[in-house]
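A.B. asks: My questions will all concern the structure given below.
The values are calculated or read from the model by the stated rules, or taken from the named source; none is laboratory data. Everything numeric here is computed off the predicted structure, so don't read it as measured data. Counting neighbours? That spans all protein chains shown, and the Cβs are built from the backbone with ideal geometry, glycine included. Keep in mind that these areas ignore ligands, DNA and RNA; they rest on the heavy atoms of the full protein, side chains included. Shrake-Rupley method; radii C 1.70, N 1.55, O 1.52, S 1.80 Å.
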Amino acid sequence: MSPMKKRLVTSALPYVNNIPHLGNLTQVLSADVFARFCRSKGYETLYICGTDEYGTATETRALKEGVTPRELCDRYHAIHRDIYAWFNISFDYFGRTSTDEQTSIVQDIFKKVDAAGYVSEHELEQLYCPSCDRFLADRFVEGTCPHCHSEGARGDQCDSCQTLLDPVELINPRCGVCGTTPIPKKTKHLYIDLPKALPLLETWMEKASKEGFWANNAVQVTKSWIRDGLKERCITRDLKWGIPVPKPGYEDKVFYVWFDAPIGYVSISANATKDWKTWWQNPDDVELFQFIGKDNIPFHTVIFPSCQLASGEKWTMLHHMSSTEYLNYEGGKFSKSLGIGIFGNDVQDTGIPADVWRFYMFYNRPEKSDVTFTWADFQEKVNGELIGNLSNLVNRTLTFVKRFYPDNALLSAPIDEQLHEQIRTKEAEIDALMERSEEREGLRQILALSSIGNKAFQDGEPWKMRTQDPGKAMSLLKTLVYLIRDLAVMVEPFMPTTSVRMLSFLGCKDVRWNAVGTTTGITGFAEPELLFTKLEDVLIEELRTRFSGSQEERKQKEQTNTKEVQKTMEQEMDQVSLAEQFAKRVILKVAKIVNVEKHPQGDKLYILTLDVKEEEPRTIVSSIVPYYTAEELQSQQIVLVSNLKPANFRGVKSYGMLLAASDPAAEEHTTCEVLFVPQFEVGTVLLPEGHEGPQDALPYVKADHFFSMPIVAEDGVVKIDGKPLGKDGVYVTSKKYLNGPVG
């Protein structure tokens, strides 16, 4: 492998008509880890992904929901984008396949493949709906399963017995759109001639699979397809939602989604950069790394490469295939269609930070066999490895250093050469694993390296050596401090937020992989904090119960529970004061603004990053651009409505709301005074005077419930129900609008 070739990284394009579950997220996260590693190593890297939007499933779902396919795709594209943003996926570009570039590139490749003689035409019998005046794609036909006699089987599969079907096999078939009984009718379709392309494919595959060290399942699946005999594959469908076929006689047909979807990698790159050909038509200087699940292997190792080879153009083709097995859920299978498992939007509501989820996803990445997610194992690995190993090393070492070496004197001590050599050997092993995208083993060896550090600390007894042999203690601690710096760099692809925090304890930032193994660059130490919170039995049991059954069952259960809770709360609140209601339902916290940026899609919106003395920073969106410059807000302390239900503001999720006063005499939304509270420590919980907050964690409060409990400024003191808001006799105050509403 040429060490500094450019690296083009893709993850399987998620289909747009569903919310991704943890199993689906495996590929996107895997590609993210590799792309982050490549950037840190100094490779020029382009990581692209996007939603796969054409095809029967989209058109069927849109008809079911009473919307257009475009409207459906727009909605789910935003859902996918927001979920990946929460997981901190570092796409260089996240696009979609329903673009003009996709149409242009797909049609161009088809024309070249057709002109080279690799496209054939066949006539076949297909079901036709006389009422809709259209041929019906498989999923547009419904009827009785011929095997289990279940009603509602589709033309491609029976969900009851899982048997794959042909539409003409169905008993009493009917059009899935209008219910009319369809009739068999002859029609023509186009096929790609894979047997003709086989000699080109075999020559390429033999070389590429070895040089690119493909995953074993990728090699085996590809060879089995070739061994069993490649067949011509239909590449057209009778649909409205898709890319038109540029060939006379096929004006009413579109390309089959499996033909155009892999080309989406190319078109999404074309949307990302006008120089896309320097990535996709530059095999001498670019290596393509693709991350997929095992069910997608043939499309990436047989069909897409065959199209590239048959076009006659000089394409950048697959170099390394990282194809994982399945991630199962608590003894069963994740299922998007049945809503079983933990989904991307569910994860955000657990209160467990993204880095913790990322850690476990890679610790148990299904690289060589299927892996089952269980809540018990999740708890065990987080508490044992992430907290008991990595976090323990960071905390015990840096707390000791900060306490006994406040003058940073140990940084002038020599390195413990024997320990350092052991560290360097393990780091070289980790580097080699990451180069081959063996991410599960890479992370496990990073944790093994952390264990070496913990053992060295324990065996070295610096609490004794500090007085008995000061030089030896300082040498050990300096070596461990640089080990922690190296660990921070190496965990960055897996846990980027954690990496930044670890580096901040050492006064470092933006440290890259080339620093690993060196012993310079640290000049001082900040006060360390615990990296993670232990997952307690009560929380895990609550989550296991919450995420049992299907999403639909959970939704119904949640609606029932919500109604019961609201009814109980309303009965209780009828008997208590407004101030007590507020104290029992709303959490106000003091937060510090650590970053301010303009919202790319909103002229009046700021995206504020807040320090609330929690495990991770908070993000909120606030429409205060007309009233404050970014400089006026930076580093200010504000009052945050901490448990306000999260909401999306033009693609950015806001986790809370700041409090501001306004002029009651002015037109609504024309005045604003953000309530700055430098008199309190960051993280302080503010309450109405004379009231205590609840002992248990509070659920989210909806915006309309929050605003039903009015907050006001009276002579500059902020109050609820006449009770000043604050703590220990110190109150929240306004300076400009002394009397009026606060919200």
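A.B. asks: Looking only at the range 448-482, filter to residues that are among the β-branched types (Val, Ile, Thr) and more than 18 Å from residue 506 (Cβ to Cβ); which one of those is surrounded by the most Cβ atoms within 10 Å (Cβ to Cβ)?
C.D. replies: Among residues in the range 448-482 that are among the β-branched types (Val, Ile, Thr) and more than 18 Å from residue 506 (Cβ to Cβ), the one surrounded by the most Cβ atoms within 10 Å (Cβ to Cβ) is 452.
A.B. asks: Here is a further query. Output the number of the condition that residue 241 fails; it satisfies all remaining conditions of (1) of a type in the set (Phe, Trp, Tyr); (2) touching a strand residue (DSSP E or B) at 6+ places or on another chain (Cβ under 6 Å); (3) under 22 Å from residue 58 (Cβ atoms).
C.D. replies: Unmet for residue 241, out of (1) of a type in the set (Phe, Trp, Tyr); (2) touching a strand residue (DSSP E or B) at 6+ places or on another chain (Cβ under 6 Å); (3) under 22 Å from residue 58 (Cβ atoms): (2).
A.B. asks: Is one or more of the residues making up the range 503-524 part of a loop (DSSP other than H, G, I, E, B), of a type in the set (Gly, Ala, Ser) and in contact (Cβ under 8 Å) with a residue 40 or more places away in the chain?
C.D. replies: Taking the range 503-524 and keeping what is part of a loop (DSSP other than H, G, I, E, B), we get 506-512, 516-524.
Checking the rest, the ones that are also of a type in the set (Gly, Ala, Ser) come to 507, 517, 521, 524.
If we keep only those that are in contact (Cβ under 8 Å) with a residue 40 or more places away in the chain as well, we get 517, 524.
Yes, that holds for at least one residue.
A.B. asks: Another one. Which pairs turn up if I take residues in the range 149-161 that are polar (S, T, N, Q) and look for partners that are part of a strand (DSSP E or B) and open to solvent by 30 Å² or more (accessible area, probe 1.4 Å) with beta carbon separation below 8 Å, at least 6 apart in sequence or on another chain?
C.D. replies: Close Cβ pairs satisfying both conditions: 157/164.
A.B. asks: A follow-up question, please. Name the pairs: first residue in the range 357-374 and within 16 Å of residue 535 (Cα to Cα), second residue among the β-branched types (Val, Ile, Thr), Cβ to Cβ under 6 Å, at least 6 apart or on different chains?
C.D. replies: From the range 357-374, the pairs are 357/347.
A.B. asks: Cβ-Cβ below 8 Å, separation at least six or inter-chain, first residue in the range 62-90 and of a type in the set (Asp, Glu), second open to solvent by 50 Å² or more (accessible area, probe 1.4 Å): which pairs?
C.D. replies: 82/648; 82/653
A.B. asks: Does the range 691-710 include one or more residues that are open to solvent by 40 Å² or more (accessible area, probe 1.4 Å), out of contact with any helix residue (DSSP H, G or I) (no Cβ under 6 Å at 6 or more places or on another chain) and at positive phi?
C.D. replies: No.
A.B. asks: Given the criteria in a loop (DSSP other than H, G, I, E, B), surrounded by fewer than 18 Cβ atoms within 10 Å (Cβ to Cβ), of a type outside the set (A, V, I, L, M) and touching a Pro at 6+ places or on another chain (Cβ under 7 Å), does residue 653 qualify? Outline the logic, then answer.
C.D. replies: On the way: in a loop (DSSP other than H, G, I, E, B): no; surrounded by fewer than 18 Cβ atoms within 10 Å (Cβ to Cβ): yes; of a type outside the set (A, V, I, L, M): yes; touching a Pro at 6+ places or on another chain (Cβ under 7 Å): yes.
In short, no.
A.B. asks: Right, here's the next one. Tell me, which residue of the range 309-323 that is open to solvent by 10 Å² or more (accessible area, probe 1.4 Å) and not in a strand (DSSP E or B) is nearest to residue 106 (Cα to Cα)?
C.D. replies: Per the criteria, the residue is 311.
A.B. asks: Taking the range 139-156 on its own, how many of its residues are surrounded by fewer than 20 Cβ atoms within 10 Å (Cβ to Cβ) and touching a Lys or Arg at 6+ places or on another chain (Cβ under 9 Å)?
C.D. replies: Of all residues in the range 139-156, those surrounded by fewer than 20 Cβ atoms within 10 Å (Cβ to Cβ) come to 139, 144, 146-152, 156.
Now drop any that are not touching a Lys or Arg at 6+ places or on another chain (Cβ under 9 Å), which leaves 139, 156.
Number satisfying all stated conditions: 2.
A.B. asks: If you scan the range 525-553, which residues turn out to be at pLDDT 90 or above and in contact with a Gly (Cβ under 7 Å, 6 or more places away or on another chain)?
C.D. replies: Across the range 525-553, the qualifying residues are 525, 526.
A.B. asks: Here's a follow-up. Which numbered condition trips up residue 83, out of (1) in a strand (DSSP E or B); (2) touching a Pro at 6+ places or on another chain (Cβ under 8 Å)?
C.D. replies: If we test residue 83 against (1) in a strand (DSSP E or B); (2) touching a Pro at 6+ places or on another chain (Cβ under 8 Å), just (1) comes out false.
A.B. asks: Let me ask something additional. Is it the case that the range 640-654 has a residue that's over 33 Å from the mean Cα position of the chain (by Cα) and not aliphatic (A, V, I, L, M)?
C.D. replies: no
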